[in-house]
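The values are calculated or read from the model by the stated rules, or taken from the named source; none is laboratory data. Note that this is a predicted model, so its numbers are computed, not measured. Here the Cβ positions follow ideal geometry from the backbone for every residue, glycine too, while neighbour counts run over all protein chains shown.
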Amino acid sequence: MQIAPALAVAVLAAALSACGGVSYRDTNAAVDARPECASGPQRPGETPPTWCERKVQTEWKSDGGGEKVDFKKKDDER
């Protein structure tokens, strides 16, 4: 009976995807490409520069102003 939870998650994901979207951003590749970020801070207590900070961010956007659907109309009225 492992199919039921997986199906429920898939249905929930499909329903939520119609309402909004998710944007994902990560800076790991950009930090790895910079040679000055590989060595780390030179002195104890020194903070790394802001361009050497690794960040992973996810942002959820939801559309609240969607178009309403009228299910009462017949096919001839469209």
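With the requirement that a residue be within 16 Å of Val56 (Cβ to Cβ) and either among the basic types (Lys, Arg) or loosely packed, with under 10 Cβ neighbours inside 10 Å (or both), what does the range 25-44 give you?
Correct list: Arg25, Ala29.
Taking into account only those residues within the range 49-63 that are in a loop (DSSP other than H, G, I, E, B), within 18 Å of Cys37 (Cβ to Cβ) and touching a residue at least 24 places away in the same chain (Cβ under 8 Å), which is farthest from the chain's Cα centre (by Cα)? Give the derivation first.
Of all residues in the range 49-63, those in a loop (DSSP other than H, G, I, E, B) come to 49, 53-55, 63.
Applying the additional criterion that residues be within 18 Å of Cys37 (Cβ to Cβ) yields 49, 53-55.
From what's left, touching a residue at least 24 places away in the same chain (Cβ under 8 Å): 53-55.
Values: Glu53: 19, Arg54: 17, Lys55: 13 Å.
Filtering the range 49-63 for residues that are in a loop (DSSP other than H, G, I, E, B), within 18 Å of Cys37 (Cβ to Cβ) and touching a residue at least 24 places away in the same chain (Cβ under 8 Å), the one farthest from the chain's Cα centre (by Cα) comes out as Glu53.
From the set of residues in the range 21-44 that are part of a loop (DSSP other than H, G, I, E, B) and not basic (Lys, Arg), which is nearest to the chain's Cα centre (by Cα)?
Within the range 21-44, the match that is nearest to the chain's Cα centre (by Cα) is Thr27.
Just one of (1) at pLDDT 75 or above; (2) surrounded by 10 or more Cβ atoms within 10 Å (Cβ to Cβ) trips up Thr50, so point out which.
With (1) at pLDDT 75 or above; (2) surrounded by 10 or more Cβ atoms within 10 Å (Cβ to Cβ) applied to Thr50, the lone miss is (2).
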